[in-house]
Structure formats: structure tokens, C-alpha cells
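Engineer: Structure in C-alpha cells, see below.
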């Protein structure tokens with residue numbers, strides 16, 4: 001997510017220091033806020049070392065291994081426990097071939113593997129994520145729909161309620177499940193709904209809450225209620241406090257101070273650079289927010305066991321969709337309000353007044369999710385040295401001159417619109 005200008009500054013510093021600069025990233029993910037997609041240009045011109053196999057979406061072997069190791073499997077399958085224990089001790093990539101070979105002569109084990117695959121084998125999810133990265137959104141959405149991971153719901157509030165209900169029923173540790181949205185307004189709404197559920201259950205002690213003014217990137221303040229049990233995410237680095245942008249944790253307590261401020265005691269999910277698991281942050285710091293729901297920009301680079309994604313069709317381009325759908329290891333579910341999707345038939349006629357079918361809704365959503373907004377650079381317009389220039393007619397020269405005058409302005413306006421839209425999303 002580094003723009004061309006920022007990368008140039010970084011490169012200049014590296015050259016000045018005589019350092020080696022190694023750029024790591026994925027040009028198919030969310031684009032830089034600033035102008036230019038320099039990373040893709042560097043890959044094309046200088047080559048790259050590439051990891052192409054998807055690692056995050058994992059097949060969950062744990063339920064199967066726990067069953068095998070319990071001793072019940074040996075009795076149920078009529079197999080020696082020592083043999084099953086030996087399979088359990090094999091490397092991860094060798095276990096399944098061994099079990100499949102054993103299942104060829106054991107119908108009970110074969111049926112057990114079928115039931116396990118239905119619930120815990122996520123090869124299909126890896127294929128769906130790869131489809132989204134290539135812009136094959138319809139194929140990805142249909143895979144997700146077949147596995148119950150695409151929820152098409154009529155009405156914005158009904159969509160939010162369904163998403164929150166599914167998130168609330170999920171027994172995954174709260175640190176390992178996430179809500180993901182496109183805009184800060186959607187993130188705020190989902191955070192409030194999630195927090196209300198937790199207060200209702202007693203997981204957040206709302207009666208002990210404190211109203212705090214939190215600050216956004218522009219320095220604007222908004223009131224938020226925090227209470228012991230809340231999940232927090234920090235939005236700015238402060239090494240004196242021991243926090244970094246994106247660090248998350250649980251609020252343990254709130255202690256009032258004599259001069260009117262208060263101290264928030266937060267247990268971090270991961271120790272900070274000083275090795276501390278608990279930090280104390282003044283409420284006046286303000287650079288934090290609720291962490292139940294994150295914008296997609298904030299979630300990029302993080303991994304959860306399960307993710308619940310609110311898809312805003314106006315924001316869900318190819319890059320956004322690829323990042324959002326790949327946040328979890330085991331279960332990502334997409335939710336979208338069908339009233340925000342307007343199917344158009346192949347002849348170009350609007351479908352106003354007609355109730356679209358599910359297939360039409362999926363196709364309409366896919367048409368938005370497959371479009372790419374990947375940024376380019378001036379290097380993309382570089383003319384090869386061996387290129388020949390053919391004589392142009394006076395009319396062609398005039399048109400070329402006019403295009404040359406207008407293109408920079410139009411391109412800058414488009415870049416400004418994209419930067420504004422992405423800044424709002426963050």
C-alpha cells in the first residue's frame with residue numbers, strides 16, 4: 001500500500017545509507033492511498049521471487065486428529081490404536097494420503113472422512129480466493145453460495161442484524177473472529193451492534209463504562225463508550241505508551257485520575273516491543289477505537305479463524321474483494337444488501353420493478369467485484385527504445401495534441417477521486 005512518491009523517498013534513504021531494499025507485497029490487494037502502483041512496475045521490470053500457493057485458508061485437521069487420538073476411533077473402526085496413533089504422528093501433508101489409503105478397505109473410515117470434509121476441508125475456499133484474485137468473481141461467489149458462505153439479504157438493517165447474529169453465535173474466541181466492512185460509518189454501526197450483544201451477555205460491563213473522545217486520522221473527535229471487557233484497537237504509534245497502530249487488546253479496567261483524566265488498562269493480544277502484555281493508556285490519548293469490526297484496509301495483513309464481511313457493492317472492487325474474502329483460515333462469510341444491487345439484463349435494459357432471481361443477484365454482485373481499480377505508474381506508458389514512429393496526418397497530430405493537454409488533468413482528477421474514496425473507506 002505504498003505509493004510511488006513514498007517509495008521514492010524510501011528508496012532514496014536506502015541508497016543514501018548503502019542499504020539493501022527488499023520490497024514485499026501483493027499488487028492484487030488493496031491499492032496505495034497515494035498516487036502510483038510502483039510495486040507492480042518493479043515486479044514487471046526487475047523480476048520477483050513469488051509465493052503462489054495460498055497458505056491462509058487451511059484445511060482444519062484438528063477435529064479429525066482429536067477423534068483419532070481419543071481411542072474411540074479404534075473401537076468404532078475396528079483398527080489397532082497404535083496404527084491410528086502412527087498416522088496422527090505423520091507430517092501434515094502425509095496424514096490425509098495415509099488415511100485415504102486406509103479408508104479404501106474400511107467403509108466406516110471412508111464415511112467419517114466424507115463427513116469431516118463436508119465441515120472442515122477448505123480446499124474450495126482456497127479456490128474461491130484464487131478466483132477473486134484473478135477477477136473471476138462469479139465463479140468465486142457461486143462456490144461460496146454452494147457452501148452457505150454467501151448471504152443475500154433484502155434491506156440494510158436486516159443485513160446488519162443477520163451478520164451480527166451469526167457472529168454472536170460463533171463460539172470462536174473473540175480475538176480470532178472479526179467483522180469486516182468497507183467504510184468507517186459501516187464499521188461504527190457494526191461495532192455498536194456487536195458491543196450491545198456483549199453487554200447483554202455480561203461479557204462487557206457496560207455499567208462501568210466511560211465516555212471517551214476518540215480521534216480519527218484527520219484529528220476529528222467522536223464520542224465512544226468504553227467499559228471493562230471491551231475489545232480495543234490502537235490507531236496510532238506511541239512508543240512511550242508501548243502501543244503501535246493496529247495493535248489490539250482487551251480493556252481490563254478504567255481508573256479515574258484526580259485531574260479528571262482516566263487510565264485504560266489494556267491487555268494486548270501480543271506483547272509489545274518491550275515485552276509487555278499489559279499497557280496503561282490515558283483516555284486523553286484518543287487514538288484507539290472498538291475492535292469488533294475493522295475496515296478492510298485495517299484488516300489487511302491480519303489473519304482470523306473466522307470473518308464476517310459486509311460487502312458494499314459500491315466499494316467492492318476486485319482488490320477489495322480479494323482482501324476481504326481471504327482474512328480467515330477456516331470460515332469467511334459474505335453478506336450484502338440485495339437492494340443495493342441492480343441487475344441489468346444482457347441487452348442493457350434496467351430491471352426496475354421486477355424481482356431478480358438469486359442467480360441474477362449473484363451475477364450483478366460479481367460484475368462489481370470483478371472490476372479492477374489497480375493503480376498504474378508513468379512507467380506503464382514508457383515507449384520501448386526500438387519503437388518506430390509512423391508519420392501522422394495533420395488531424396491525428398491535432399488529436400494527439402489535444403489528448404496530451406487533457407490527459408494529465410483527467411488522470412489527476414481520477415486519482416483525486418480514488419484517493420478521496422479510499423481515505424473515506426479507511
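Table: residues versus (1) at pLDDT below 80; (2) surrounded by 13 or more Cβ atoms within 10 Å (Cβ to Cβ).
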{"residue": "80", "(1), (2)": "yes, no"}
{"residue": "85", "(1), (2)": "yes, yes"}
{"residue": "90", "(1), (2)": "no, yes"}
{"residue": "94", "(1), (2)": "no, no"}
{"residue": "118", "(1), (2)": "yes, no"}
{"residue": "130", "(1), (2)": "no, yes"}
{"residue": "138", "(1), (2)": "no, yes"}
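Engineer: Tell me, please, whether a residue that is out of contact with any strand residue (DSSP E or B) (no Cβ under 7 Å at 6 or more places or on another chain), surrounded by fewer than 17 Cβ atoms within 10 Å (Cβ to Cβ) and modelled with pLDDT under 90 can be found in region 219-235.
Structural biologist: Yes, that holds for at least one residue.
The values are calculated or read from the model by the stated rules, or taken from the named source; none is laboratory data. Not measured: the values here are computed from a predicted model. So basically every Cβ, Gly included, is an ideal-geometry build from the backbone, and we count neighbours across all protein chains shown.
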